[in-house]
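K.L.:
This structure is in structure tokens; I'll ask about it shortly.
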Amino acid sequence: MSSTRDIDALIDLMAKLPGLGPRSARRAVLHLIRKRALLMTPLADQMQNVASSARECVNCGNIGTADLCDICTSNKRANGQICVVEDVADLWAMERSGVFKGRYHVLGGTLSALDAVGPEDLRIPRLADRIDDEDVTEIILALNATVDGQTTAHYIADQLEHRVTLTSLAQGVPIGGELDYLDDGTISAALNARKPI
Amino acid sequence: MEWRDTGILLSTRKHGETSAILEVFTPERGRHAGVLRGATSRKLAPVLQPGAQLDIAWRARLEDHLGSFTVEPLRSRAHAAMADRLILSGLNAVTALLLFCLPEREAHPALYRDTETLLDLLDRQDIWPLAYLRWELSLLEELGFGLDLRACAVTGSTEGLVHVSPRTGRAVSAAGAGDWADRLLPLPPVLLGAGSAEDAEVAAALGTTGHFLTHHIAAEMLHKPLPVARGRFVDALSRRARRK
């Protein structure tokens with residue numbers, strides 16, 4: 001039996017993580033072994049903890065360690081606004097900015113005819129329920145500016161029309177962006193959304 | 001093996017962390033798939049939206065292989081559709097139907113030209129539904145199920161054509177239909193190039209073309225259901241017609 005079998009198995013598992021390949025996984029494992037007490041054991045303990053406690057918030061679909069996430073339980077976030085995002089990664093991106101003070105709703109994907117994702121596969125019915133449950137006045141559709149993302153946004157807008165104010169994120173030139181490097185679709189969207197200065 | 005051509009992007013499916021499998025529609029090679037490395041990059045991802053016009057180079061060791069693409073964006077079209085739910089659902093219907101109906105690697109130059117023309121009209125919301133209807137008729141024609149609406153299949157008359165035979169796709173006049181009228185499909189004037197081409201009429205015509213897509217083309221594919229994207233477009237068009 002090989003004496004490195006367990007280590008090889010760990011490298012194989014690490015190599016399956018996003019952003020890591022076999023070589024970088026080997027480097028990461030070697031680093032962990034060298035920092036066993038400082039890094040590897042606490043990491044293993046924490047992974048064990050999260051593996052047993054991580055779950056989706058039953059209200060919004062965010063990931064946390066309780067049935068209701070911190071955002072849904074916080075009264076300060078109940079300002080009548082819900083920001084609809086495709087994925088938990090998008091929610092985290094919005095939270096990083098620190099600008100939005102309302103609550104979120106994670107759809108868990110977008111409508112896609114190609115991947116056979118229909119409305120019933122997303123958390124759209126729950127979003128409709130939340131409008132009444134939480135006295136929502138505005139739904140902000142923060143979905144990706146892709147064909148699938150905007151198709152989903154229009155579908156939700158159709159479903160919730162007349163019940164609540166619906167808004168979507170602006171599209172245009174990113175901060176620090178140079179016009180010369182933008183694609184024609186972005187320039188077109190930016191020009192259509194121009195505003196007085 | 002390699003070729004270079006211009007084409008329309010039909011779909012992008014993520015493949016690994018940074019690559020994607022693209023399906024494109026080209027005039028000489030029809031619907032063709034290939035891997036594009038670096039497709040999720042900040043430079044490429046925004047332009048890899050369905051409907052985009054691309055300059056495509058394909059390379060593989062053997063003809064049968066999936067092969068890899070290198071692409072250069074020529075023009076983006078999705079931005080013209082994104083703001084309007086009807087047009088966006090129409091764009092989805094076009095790409096979904098092409099993916100559904102066309103066999104891989106079979107050239108359809110005439111249909112390609114029609115598709116290019118249709119997609120170039122995405123910013124013309126007023127005439128787009130009619131253009132879509134014409135394109136769907138071309139699609140049926142290209143796949144061998146074209147409608148013959150020149151004369152009545154029963155009487156030979158070119159006047160009073162109001163029905164379409166669901167079996168043969170030929171026009172039938174009111175006089176020729178007789179007792180069979182309730183079993184025939186409607187023939188809205190817009191299908192004959194007449195009438196005002198209002199949304200309601202175009203939606204009715206799409207009901208007729210939808211019958212042939214479902215019962216002839218989808219039936220040949222083990223009765224797979226038509227792409228839901230087409231149904232959503234027809235629903236959106238019907239809804240707009242009711243609002244007018």
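K.L.:
Within region A:15-25, is even one residue touching a helix residue (DSSP H, G or I) at 6+ places or on another chain (Cβ under 7 Å), away from chain B (no Cβ under 14 Å) and assigned to a loop (DSSP other than H, G, I, E, B)?
P.N.:
For region A:15-25, residues touching a helix residue (DSSP H, G or I) at 6+ places or on another chain (Cβ under 7 Å), away from chain B (no Cβ under 14 Å) and assigned to a loop (DSSP other than H, G, I, E, B): absent.
K.L.:
May I pose another question? If A:Asp70 passes every condition in (1) open to solvent by 70 Å² or more (accessible area, probe 1.4 Å); (2) over 30 Å from A:Val99 (Cα atoms); (3) not small (Gly, Ala, Ser) but one, which one does it miss?
P.N.:
Here A:Asp70 clears every test but (2).
K.L.:
In addition: From the list B:Leu88, B:Leu98, which one is in a helix (DSSP H, G or I), without any contact (Cβ under 8 Å) to a residue 12 or more places away in the chain, closer than 21 Å to B:Phe233 by Cβ and within 14 Å of chain A (Cβ to nearest Cβ)? Break it down into steps so the answer makes sense when it comes.
P.N.:
Details: B:Leu98 fails: without any contact (Cβ under 8 Å) to a residue 12 or more places away in the chain.
None of the others qualify; the one that does is B:Leu88.
K.L.:
Still on this model: Here are some residues: A:Ala116, A:Ala190. Which one is within 12 Å of chain B (Cβ to nearest Cβ), among the small types (Gly, Ala, Ser) and over 22 Å from B:Thr95 (Cβ atoms)?
P.N.:
A:Ala190
K.L.:
Does B:Val71 qualify as being more than 18 Å from A:Ser188 (Cα to Cα), open to solvent by less than 10 Å² (accessible area, probe 1.4 Å) and in a strand (DSSP E or B)?
P.N.:
no
K.L.:
Check B:Ala197, B:Ala171 and return the single one that is within 29 Å of the chain's Cα centre (by Cα) and in the same structural domain as B:Ile217 (by TED's automatic domain parsing). Spell out how you get there, then give the answer.
P.N.:
Working: B:Ala171 fails: in the same structural domain as B:Ile217 (by TED's automatic domain parsing).
Result of the check over B:Ala197, B:Ala171: B:Ala197.
K.L.:
Please find, within region B:48-68, the residue that is farthest from the other protein chains (Cβ to nearest Cβ) out of those that are touching a Pro at 6+ places or on another chain (Cβ under 9 Å) and in a strand (DSSP E or B).
P.N.:
Start the filter on region B:48-68 by keeping residues that are touching a Pro at 6+ places or on another chain (Cβ under 9 Å), which leaves B:48, B:52-55.
In the following step, the residues that additionally are in a strand (DSSP E or B) were identified as B:53-55.
Working: B:Gln53: 11, B:Leu54: 12, B:Asp55: 15 Å.
Among them, the one singled out is B:Asp55.
K.L.:
Which residues, taken from region A:134-174, are under 26 Å from B:Pro50 (Cα atoms), within 14 Å of chain B (Cβ to nearest Cβ) and in a loop (DSSP other than H, G, I, E, B)?
P.N.:
The answer is A:Leu143, A:Asn144, A:Ala145, A:Thr146, A:Leu169, A:Ala170, A:Gln171, A:Gly172, A:Val173, A:Pro174.
K.L.:
Go through (1) farther than 17 Å from B:Gln49 by Cβ; (2) modelled with pLDDT of 95 or more; (3) open to solvent by 20 Å² or more (accessible area, probe 1.4 Å) and name the single condition A:Leu91 misses.
P.N.:
Going through (1) farther than 17 Å from B:Gln49 by Cβ; (2) modelled with pLDDT of 95 or more; (3) open to solvent by 20 Å² or more (accessible area, probe 1.4 Å) one by one, A:Leu91 breaks only (3).
K.L.:
With respect to A:Ser112, determine if the residue is small (Gly, Ala, Ser), open to solvent by less than 90 Å² (accessible area, probe 1.4 Å), in the same structural domain as A:Ala153 (by the TED database) and touching a residue at least 24 places away in the same chain (Cβ under 8 Å).
P.N.:
Here the answer is yes, as A:Ser112 does meet what is asked.
K.L.:
Sticking with this one: Condition (residue is surrounded by 14 or more Cβ atoms within 10 Å (Cβ to Cβ), of a type in the set (Asp, Glu) and touching a residue at least 40 places away in the same chain (Cβ under 8 Å)) applied to region B:201-215: is it met by at least one residue?
P.N.:
No, the conditions are met nowhere in region B:201-215.
K.L.:
Give B:Ala45, B:Ala20, B:Ala80, B:Ala93 a once-over and let me know the one that is open to solvent by less than 10 Å² (accessible area, probe 1.4 Å), within 11 Å of chain A (Cβ to nearest Cβ) and not basic (Lys, Arg).
P.N.:
B:Ala93
The values are calculated or read from the model by the stated rules, or taken from the named source; none is laboratory data. All figures in this text were calculated on a predicted structure; none of them were measured in a lab. In this analysis, Cβ positions are derived from the backbone assuming ideal geometry, glycine residues included, and neighbour counts consider all displayed protein chains. The protein model used for the area step is the full one, side chains on, heavy atoms only, and it has no ligands, DNA or RNA in it. Shrake-Rupley method; radii C 1.70, N 1.55, O 1.52, S 1.80 Å.
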